[in-house]
Amino acid sequence: MKISLKIKPDAEYMEIIRESPITLEALAKEYESQLPYRILIAKVNGMEEELTFTLREDSQVEFLDMRRNSAYLVYQRTVSLVYLKAVRDVMGDVIVEIGNSLNKGLYTIIKTDEPVTQQQVEAIEERMRELVAADLPIKKEEYNRLDAVEFCRVNHFPARERLLANAKHIQKAKFYRIDDYSDFFYGLMTPSTGYVELFELKKYGDGVLLRFPYPTKPDEVPRYVDDKNLHIAFSEAKKWHRLLDVTYLPDLNQKIAEGAAKDLILLSEALHEKKIAEMADMITDGKKRIVLIAGPSSSGKTTTAKRLCVQLRVNGLAPLYMGTDDYFVERAETPLGPDGERNYEDLEALDIELFNRNMNDLLEGKVVDLPEFDFMTGTKHFGKRFTSIQSNQPIVIEGIHALNGKLTEFIDDDEKFKIYISPFTQLNIDMHNRVPTTDARMLRRMVRDYKYRGHSAAGTISQWAKVRAGEDKNIFPYNGEADVVFNTALVYELSVLKKYAEPLLEEIQPHEPEYSEAVRLLKFIRFFDVIENEKAIPNNSIIREFIGGSIFVE
C-alpha cells in the first residue's frame, strides 16, 4: 500500500512516497537533521495532530516546532504534566495548582501546611530530569464523560468534576498518563517525556516557577527577569476573584446558571473603576504631568486612558489626552522591516525629537502647534491644533512605545508616571488547565476586527504571529518600567465574547491555513456558558471597546 505525502519540513513542501503507514514521529525523525528545532506536533490536511498519529492515506503534512503558538502550548502542557508527576513522586499526594504565566514560565502553588522549601524544589527538578532522561511514553486514554467525572471525583479534582458533569456536549475526555500518574488536559501532548528537555524550577515567594523556552528562542530557557509588578497584578486578581466568589470556570458557569451574572458584572466593573481611581490619586498626589500608558494588542488602552482622564477630572485636574500616532515620520522615511515592507511598529517609525520638543514646550506653558498625521498621504499636517496647558494639567499619552525610555528620553523622569496594562486572565478552567492570556486577547481582537475593521476571524488569526512578534520586541521588554500594572481582564468577559467569536470561528473552512487554530479556540471556548443579557455591562466598560456600545470608542 503506497502513500503519497506532501510534507513541509520547514519552508517548502516536497512530495514523497511511502510504502506503508508511518507515524508522524517516525516521519519527523527522518528530517530532524534538516530542521532548526525539534518538532512537537504536525498539521495533517489542515488539522493539528499529535506525533503518535499514523499516516495511512495520501496527506499533506506540515511539521510545527515551538515557534508556532499551538506547538508552544503543547510544550507547556507536556512540561506541566512532567512537573505534576515529579511533585507527586517527591511529595506524595499533594494538591498542585498551575497558575498564571510569569517570568517566561508558569507560577505554581504546591498546597502544603508549610511553604515549599528550596530543597524540595531542587528534589522536584531532579526528579523531572530523571523522567525526561528516561523518555517515558505519554499515553493518551479516553474516557466517556461520566467515567471521567467519576475519575475526577475519586482523584479529588472537584472543579474538573463539576466542569465535566455539566459539559453535556463532551462525549469523550482525554487523560494523559506517565507511569502511574494520569491527568486531564484539553490540548495536545508530545509522545514522550524526552521532548521537554529544557526547563528550570525556581522557588518564588510561596510558590514555584516552572520556566521553559519561549517561542522566539526555542533552544534555551530565557534569562530570568523578575516581573514583580506582574506578580502583584496577578495576586490582586486572585483577591478580586475571591470577592467575586469565582475561582475556576465552573464557578463562573454556576453564577450564570443561577441568574447572578448581573451582580458579577457590576462588581467586576466596580473593581476596575476603583483601581483606575487609585491610579488617578497616585498621579494627583505625585504631581505627575506626563502619564504614559502602554500594553499589548487588545489590552484596552483607549478605554483605560479615557477612564483615567475622567477620574483625574474628579480630582480637579483637566488632563490632555493624546496618542502617539500623530508623530509618525513621513512615509518615505518609515523604516523597512526584514520583509522589505514599511515597519510602522518599531520606535524608529516615530518622530521622537518632535514629540519630546512638543511635550516639553507644553510642560513649560507654551502654545504648541501639534501635528495631525494624514494616513492617506503619509504626512504630518500643522496649523490645526494649537494647544497649551496649565501648570498642573497632566498629559495622558497611550501608545505601544509609551514605556520605552527612548520615546521620552528628553523629558524629566520626575514628570512621568508609567502604567502597563494587559488582560492577565486569572480565571483558569481547573487546577491544571489555564486560560492563556494571549487567547483572551486574540478573541477580543477578533471580535473588534470584525465589528469595526471588516476583518474576518481568519485574517485576525493569520496576523497574530506578527502581532506577537512586535509585542515581544516593542512592549513586553519594558513592562518592568511601569509604576503600576493594571489588569484589564474581566472575570466574565469570555462568557460574553463567546457568542460573538464562535460564529466567526465557525466560518473558517478546512482548506484555510487558519482552520486548525480556529478548531483549537472553538474547543477551548466550548467550556464557557454564554451571558446573553448584556444590559448590565456599562458603556464605559473595557469590554465595550470590543463588542460595541462604548462611550469612548466610535
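The values are calculated or read from the model by the stated rules, or taken from the named source; none is laboratory data. All figures in this text were calculated on a predicted structure; none of them were measured in a lab. As a convention, Cβ positions derive from the backbone with ideal geometry for all residues, glycine included, and neighbour counts pool all protein chains shown. Please note that ligands, DNA and RNA were not included when accessible areas were found on the heavy atoms of the full protein model with its side chains. Shrake-Rupley method; radii C 1.70, N 1.55, O 1.52, S 1.80 Å.
Points to keep in mind about this one:
- Boolean, L362 is in a helix (DSSP H, G or I), surrounded by 13 or more Cβ atoms within 10 Å (Cβ to Cβ), of a type in the set (A, V, I, L, M, F, W, C) and touching a strand residue (DSSP E or B) at 6+ places or on another chain (Cβ under 8 Å): yes
- Per the listing L81, L51, the residue uniquely within 25 Å of D439 (Cβ to Cβ) and part of a loop (DSSP other than H, G, I, E, B) is L51.
- Taken over region 52-92, residues that are open to solvent by 40 Å² or more (accessible area, probe 1.4 Å), among the β-branched types (V, I, T) and closer than 21 Å to F212 by Cβ amount to 1.
- In region 2-25, of all residues being open to solvent by less than 40 Å² (accessible area, probe 1.4 Å) and either more than 9 Å from L55 (Cβ to Cβ) or not hydrophobic (A, V, I, L, M, F, W, C) (or both), the one that is modelled with the lowest pLDDT corresponds to P9.
- Of the residues making up region 454-475, at least one is over 22 Å from Y75 (Cβ atoms), part of a loop (DSSP other than H, G, I, E, B) and touching a residue at least 60 places away in the same chain (Cβ under 8 Å).
- Filtering region 417-468 to residues that are in contact with a Phe, Trp or Tyr (Cβ under 8 Å, 6 or more places away or on another chain), among the charged types (D, E, K, R) and under 30 Å from K228 (Cα atoms) leaves D430, D439, R444, R445.
- Of the strands (runs of 3 or more DSSP E) lying entirely inside region 140-240, the ones with 2 or more residues being over 26 Å from T23 (Cα atoms) and not basic (K, R) are found at 200-204, 207-211.
- Unique residue being exposed (fewer than 14 other Cβ atoms within 10 Å of the Cβ) and either over 25 Å from I411 (Cα atoms) or modelled with pLDDT of 95 or more (or both) when the list is L243, L264, L249: L243
- A single entry from L336, L317 fulfils the requirement of being among the aliphatic types (A, V, I, L, M) and either within 16 Å of F375 (Cβ to Cβ) or at pLDDT 95 or above (or both): L317.
- Checked against the criteria, N404 does not count as over 23 Å from N479 (Cα atoms) and either hydrophobic (A, V, I, L, M, F, W, C) or touching a residue at least 60 places away in the same chain (Cβ under 8 Å) (or both).
- Leading residue by the ranking (farthest from N479 (Cα to Cα)) among those in region 387-401 that are open to solvent by 10 Å² or more (accessible area, probe 1.4 Å) and not in a loop (DSSP other than H, G, I, E, B): T387
- Leading residue by the ranking (surrounded by the fewest Cβ atoms within 10 Å (Cβ to Cβ)) among those in region 272-327 that are closer than 23 Å to D361 by Cβ and of a type in the set (D, E): D325
Yes/no matrix, rows are residues, columns are (1) open to solvent by less than 90 Å² (accessible area, probe 1.4 Å); (2) among the hydrophobic types (A, V, I, L, M, F, W, C):
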{"residue": "G105", "(1), (2)": "yes, no"}
{"residue": "T108", "(1), (2)": "yes, no"}
{"residue": "T112", "(1), (2)": "yes, no"}
{"residue": "T117", "(1), (2)": "yes, no"}
{"residue": "I138", "(1), (2)": "yes, yes"}
{"residue": "D147", "(1), (2)": "yes, no"}
{"residue": "F157", "(1), (2)": "yes, yes"}
{"residue": "N166", "(1), (2)": "no, no"}
{"residue": "H169", "(1), (2)": "no, no"}
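- Considering (1) in contact (Cβ under 8 Å) with a residue 40 or more places away in the chain; (2) open to solvent by 10 Å² or more (accessible area, probe 1.4 Å); (3) over 18 Å from the mean Cα position of the chain (by Cα), the lone condition that K523 does not fulfil carries the number (3).
- In the set E512, E507, only one residue is modelled with pLDDT of 95 or more, open to solvent by 40 Å² or more (accessible area, probe 1.4 Å) and in contact with a helix residue (DSSP H, G or I) (Cβ under 7 Å, 6 or more places away or on another chain); that residue is E507.
- Contact annotation: residue pairs with Cβ atoms under 6 Å, 6 or more positions apart or on different chains, pairing a residue in region 14-25 that is on the phi < 0 side of the Ramachandran plot with a partner that is surrounded by 10 or more Cβ atoms within 10 Å (Cβ to Cβ) and not in a strand (DSSP E or B), are P21/R56; L24/L51; L24/F53; E25/L51; E25/P191.
- Only one of the listed residues (K499, K473) is open to solvent by 20 Å² or more (accessible area, probe 1.4 Å) and over 30 Å from E341 (Cα atoms). That residue is K499.
- Within region 328-341, restricting attention to residues that are without any contact (Cβ under 8 Å) to a residue 24 or more places away in the chain and out of contact with any helix residue (DSSP H, G or I) (no Cβ under 7 Å at 6 or more places or on another chain), the residue that is most open to solvent (accessible area, probe 1.4 Å) is P338.
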